[in-house]
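Chemist: Sharing a structure, written as structure tokens. Questions coming.
The values are calculated or read from the model by the stated rules, or taken from the named source; none is laboratory data. Predicted, not measured: the structure shown is a model, and the values here were computed from it. Note: ideal-geometry Cβ built from the backbone for every residue, glycine included; neighbour counts use all protein chains shown.
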Amino acid sequence: MLKYCLKMWDKNRDKLQKDIESDTKLNSCDYKYLVEKVISIVFNDEDADYDHKWDAENIMEIDNGDYQGTMLFIIPKDTYKPNEADYLITFVNYGSCSCCDTLLSIQDWEENPKPAKEQIKDYMTLCKDLVCNIVKPYNSGWRNEEEFEQVEMEVKNE
């Protein structure tokens, strides 16, 4: 996970959970809806400055699969002309049915109910996976920003 993503997730995951608890669109949403929600709530919080505002309305989805595959989500910085280093990318692998697709397995397809307790937990896990999958391409050389480097995880053997 990127240092920046970990910091923002730790800071704003409770806000995201509160939003998910009352969201009646989740049972019929797609993955892009969740990515937009994560960017809007977790990353574009009230403290986000110009260099850390992301354009949740212009996220590009790339899906070259057919019933299953991988979706890429390209998230531009909220600026007039983003350059190559002004993007984040995340992904999700998806399936064709509720047995092999995470989002479809969480949704219950009832008409506009608020999510149940177990669904909230599952939506939060899926959103965290989207955050964990984020990379910042071209974050090297003169463009390198330390906060967009990977967090080193220490594994302890007990």
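Chemist: Here is a list of conditions, (1) at pLDDT 95 or above; (2) closer than 30 Å to residue 144 by Cα; (3) not basic (Lys, Arg), and residue 123 meets all of them except one; can you say which number that is?
Modeler: Of the numbered conditions (1) at pLDDT 95 or above; (2) closer than 30 Å to residue 144 by Cα; (3) not basic (Lys, Arg), the odd one out for residue 123 is (2).
Chemist: Would you point out which residue out of 37, 18 is within 24 Å of residue 114 (Cβ to Cβ) and loosely packed, with under 15 Cβ neighbours inside 10 Å?
Modeler: Every option except 18 fails the conditions.
Chemist: Within region 22-32, how many residues turn out to be out of contact with any Phe, Trp or Tyr (no Cβ under 9 Å at 6 or more places or on another chain) and surrounded by 15 or more Cβ atoms within 10 Å (Cβ to Cβ)?
Modeler: So the count comes out to 1.
Here's the yes/no breakdown for (1) acidic (Asp, Glu); (2) buried (at least 18 other Cβ atoms within 10 Å of the Cβ); (3) in contact (Cβ under 8 Å) with a residue 12 or more places away in the chain; (4) not in a loop (DSSP other than H, G, I, E, B):
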| position | (1), (2), (3), (4) |
| --- | --- |
| 73 | no, yes, yes, yes |
| 80 | no, no, no, no |
| 96 | no, no, yes, no |
| 103 | no, yes, yes, yes |
| 110 | yes, no, yes, no |
| 113 | no, no, yes, no |
| 118 | yes, no, no, yes |
| 129 | yes, no, yes, yes |
| 142 | no, no, no, yes |
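Chemist: From 6, 88, grab the single residue that is surrounded by 15 or more Cβ atoms within 10 Å (Cβ to Cβ), part of a helix (DSSP H, G or I) and modelled with pLDDT of 95 or more.
Modeler: 6
Chemist: Quick one: residue 131 ticks every box in (1) out of contact with any Cys (no Cβ under 7 Å at 6 or more places or on another chain); (2) at pLDDT 90 or above except a single one, so which number is it?
Modeler: Here residue 131 meets the rest and fails (1).
Chemist: Kindly list, by first and then second residue, each pair from a residue in region 24-48 that is among the acidic types (Asp, Glu) to a residue that is assigned to a loop (DSSP other than H, G, I, E, B), limited to pairs with Cβ atoms under 9 Å and residues at least 6 apart or on different chains.
Modeler: Once the first residue is among the acidic types (Asp, Glu) and sits in region 24-48, its partners that are assigned to a loop (DSSP other than H, G, I, E, B) give 36/59.
Chemist: If you go through region 14-50 one residue at a time, how many are of a type in the set (Asp, Glu) and under 21 Å from residue 133 (Cα atoms)?
Modeler: Adding up the residues that qualify gives 4.
Chemist: Next question, about the same structure. Can you tell me which of 50, 80 is within 22 Å of residue 9 (Cβ to Cβ), out of contact with any strand residue (DSSP E or B) (no Cβ under 8 Å at 6 or more places or on another chain) and not aliphatic (A, V, I, L, M)?
Modeler: Step by step, each of 50, 80 is checked, and only 50 is within 22 Å of residue 9 (Cβ to Cβ), out of contact with any strand residue (DSSP E or B) (no Cβ under 8 Å at 6 or more places or on another chain) and not aliphatic (A, V, I, L, M).
Chemist: Could I ask something else about it? Please find, within region 56-71, the residue that is farthest from residue 41 (Cα to Cα) out of those that are crowded, with 17+ Cβ neighbours inside 10 Å and touching a strand residue (DSSP E or B) at 6+ places or on another chain (Cβ under 7 Å).
Modeler: If we take residues in region 56-71 being crowded, with 17+ Cβ neighbours inside 10 Å and touching a strand residue (DSSP E or B) at 6+ places or on another chain (Cβ under 7 Å), then 71 is farthest from residue 41 (Cα to Cα).
Chemist: Can I ask one more? Quick check on region 49-67: of everything there that is among the aromatic types (Phe, Trp, Tyr) and at pLDDT below 95, which residue is nearest to residue 145 (Cα to Cα)?
Modeler: 50
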